[in-house]
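Chemist: Submitted below is the structure of interest, expressed as structure tokens.
The values are calculated or read from the model by the stated rules, or taken from the named source; none is laboratory data. Only a predicted model underlies this, so the values are computations on that prediction, with no experimental measurement involved. We place every Cβ from the backbone using ideal geometry, glycine too, and count neighbours over all the protein chains shown.
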Amino acid sequence: MAKVIIFGTKDFAQLAHFYLTKDSEHKVTAFTVDKGFLKETKFLDLPVIEFEDIEKHYPPEKYKMFIPMSPLKLNEVRAQKYLEAKKKGYLFINYISSRATYYDTEVGENCFIFENNVIQPFTRIGNNVIIWSGNHIGHHSVIRDHCFITSHAVISGHVTIGDYSFLGVNCTIRDGIAIGQKNIIGAGALVTHSTNDGEVYPGNKSSASKIPSSELKDF
């Protein structure tokens, strides 16, 4: 059992607390946020500590970190906090739902994998990845670091998903292709060929948008 600090005090942090409390051996001890966002000293009856000073109160020798943040700015905000916590010396937990179909294949650290995911054998999942509920990840596929997969995505076999990519609800990725870094695959999109870095595939279309992913303000 690890004693865990969760980054955040919003929906993702509340969900993380719920799943870790109901479906893991870990014990949530505290929450942490950046000083500029500290508006309350308690959340879910646990202390909220400034991230800048977290190691003074909960040293990394005794506590682990979990950073279940949104895909804001194409997952870069979550990646930044993950790397900052790592620099402070923290190790990270994973949460893999007991209701996920999972064959003990390789998963990195700080991953949040919800219920009803099918993760087939010989897959690899990198660090700081969030996989929402109900996805299919095919055999021999690789999900690289800092990705966010929403719900009911189909990732066929022998697919590689590049770093920082976002996959929308009900998208489908054909077998044997590579999705570039920082791609946005929209809800319902069908992708049948490998993609370049920074591309956007709007929902229900299989050709790249003319707008690069870096210019989409919502990400």
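Chemist: Scanning for something part of a strand (DSSP E or B), of a type in the set (Lys, Arg) and touching a Phe, Trp or Tyr at 6+ places or on another chain (Cβ under 8 Å), does the stretch 109-124 turn up at least one residue?
Modeler: Applying the first criterion (part of a strand (DSSP E or B)) to the stretch 109-124 yields 112-113, 118-119, 124.
Among the residues that remain, those that are also of a type in the set (Lys, Arg) are: 124.
Within this subset, residues satisfying the condition of being touching a Phe, Trp or Tyr at 6+ places or on another chain (Cβ under 8 Å) are none.
No - not one qualifying residue is present in the stretch 109-124.
Chemist: Would a scan of the stretch 90-100 turn up a residue that is in contact with a strand residue (DSSP E or B) (Cβ under 7 Å, 6 or more places away or on another chain), within 20 Å of residue 181 (Cβ to Cβ), surrounded by fewer than 21 Cβ atoms within 10 Å (Cβ to Cβ) and at pLDDT 95 or above?
Modeler: In the first step, residues of the stretch 90-100 are kept if they are in contact with a strand residue (DSSP E or B) (Cβ under 7 Å, 6 or more places away or on another chain); the result is 90-97, 100.
When the remaining residues are screened for being within 20 Å of residue 181 (Cβ to Cβ), the result is none.
The answer is no, given that none of the residues of the stretch 90-100 is in contact with a strand residue (DSSP E or B) (Cβ under 7 Å, 6 or more places away or on another chain), within 20 Å of residue 181 (Cβ to Cβ), surrounded by fewer than 21 Cβ atoms within 10 Å (Cβ to Cβ) and at pLDDT 95 or above.
Chemist: Which residue, of 72, 83, is in the same structural domain as residue 49 (by TED's automatic domain parsing) and part of a loop (DSSP other than H, G, I, E, B)? Reasoning before the result, please.
Modeler: Working: 83 fails: part of a loop (DSSP other than H, G, I, E, B).
Every option except 72 fails the conditions.
Chemist: Please give the number of the condition residue 14 fails out of (1) in a helix (DSSP H, G or I); (2) polar (S, T, N, Q); (3) in contact (Cβ under 8 Å) with a residue 40 or more places away in the chain.
Modeler: (3)
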